[in-house]
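J.: Mind looking over this structure? Questions follow.
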Amino acid sequence: MTKKLSLLLIAGLALVGCTTTTISPQPNLSYGIATTGDFSFLPTQGVATYAWRPDSAVARVSVNVDGEKYLKVIKDLIDKELANKGYVQVSSSQRPNMFMDFGIATESGMNDQEIFESTQISTGIKVQAKPGEEGEKGSVYVAAFAPVGDFPRWRVLAQGPTEGRIDDPNQQHEMERIITSMLNLIPSRAN
């Protein structure tokens, strides 16, 4: 019995030693997400609609970041995720079930204290670039509002490293995963 076990162990090690695997660098997933609020204001029946709040989408970013480009990419990702969940985008004049708003910031454009004062939400994470790397902490904030009222009924904040998020296809895929994670608690609607 011991001899058979030893032979199996040696054969297993030999097979492992012969296997070659190429490991591509994985995206940095060191980000934090904090969520508060609920969607009790949404109707449970019928088509679910949303609109963007007028003059929403704020970018408080460093001069090295193309804020408008980030805003467009993130808005498109939010629209895509809401559509995947069965929500229909309408104009604000069509009386949507909820209004959406969002903002982005880099640490040099808006620090954690300013983000908390503005959003009343915090992830509590620290982000530092590795030696030889550039980058800083980036934040994405998304809020859902009832059709009436100025205070968000649901909010989510994600924070993590920012460098190269939307220019590199792998990083763009990671950004899509982050947005999907952020919007995970938005209830799906029947299509």
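Condition check ((1) modelled with pLDDT of 95 or more; (2) surrounded by 19 or more Cβ atoms within 10 Å (Cβ to Cβ); (3) within 22 Å of Thr36 (Cα to Cα)) across all residues:
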residue: Phe99; (1), (2), (3): yes, yes, yes
residue: Gly138; (1), (2), (3): no, yes, yes
residue: Phe151; (1), (2), (3): no, no, yes
residue: Leu157; (1), (2), (3): yes, yes, yes
residue: Asp167; (1), (2), (3): no, no, no
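J.: Could we say that Lys80 is of a type outside the set (Gly, Ala, Ser), at pLDDT 95 or above and either exposed (fewer than 10 other Cβ atoms within 10 Å of the Cβ) or within 29 Å of Val127 (Cβ to Cβ) (or both) here? Write out each step before concluding.
T.: Numbers: of a type outside the set (Gly, Ala, Ser): yes; at pLDDT 95 or above: yes; either exposed (fewer than 10 other Cβ atoms within 10 Å of the Cβ) or within 29 Å of Val127 (Cβ to Cβ) (or both): yes.
So Lys80 fits the description; yes.
J.: Being surrounded by fewer than 18 Cβ atoms within 10 Å (Cβ to Cβ) and under 28 Å from Asn111 (Cα atoms): is that true of Val47 here? Spell out the reasoning first.
T.: Values: surrounded by fewer than 18 Cβ atoms within 10 Å (Cβ to Cβ): yes; under 28 Å from Asn111 (Cα atoms): no.
No: the conditions fail for Val47.
J.: Which pairs turn up if I take residues in the range 52-78 that are under 10 Å from Ala105 (Cβ atoms) and look for partners that are in a helix (DSSP H, G or I) and of a type in the set (A, V, I, L, M, F, W, C) with beta carbon separation below 8 Å, at least 6 apart in sequence or on another chain?
T.: From the range 52-78, the pairs are Ala59/Leu71.
J.: Can you tell me which of (1) within 19 Å of Phe39 (Cβ to Cβ); (2) at pLDDT below 95; (3) out of contact with any Ser or Thr (no Cβ under 7 Å at 6 or more places or on another chain); (4) among the hydrophobic types (A, V, I, L, M, F, W, C) is the one Ala144 doesn't meet?
T.: (2)
The values are calculated or read from the model by the stated rules, or taken from the named source; none is laboratory data. Since the model is a prediction, treat every value here as computed from it, not as a measurement. A quick note on method: Cβ atoms are made from the backbone with ideal geometry, for glycine too, and the neighbour counts reach across all protein chains shown.
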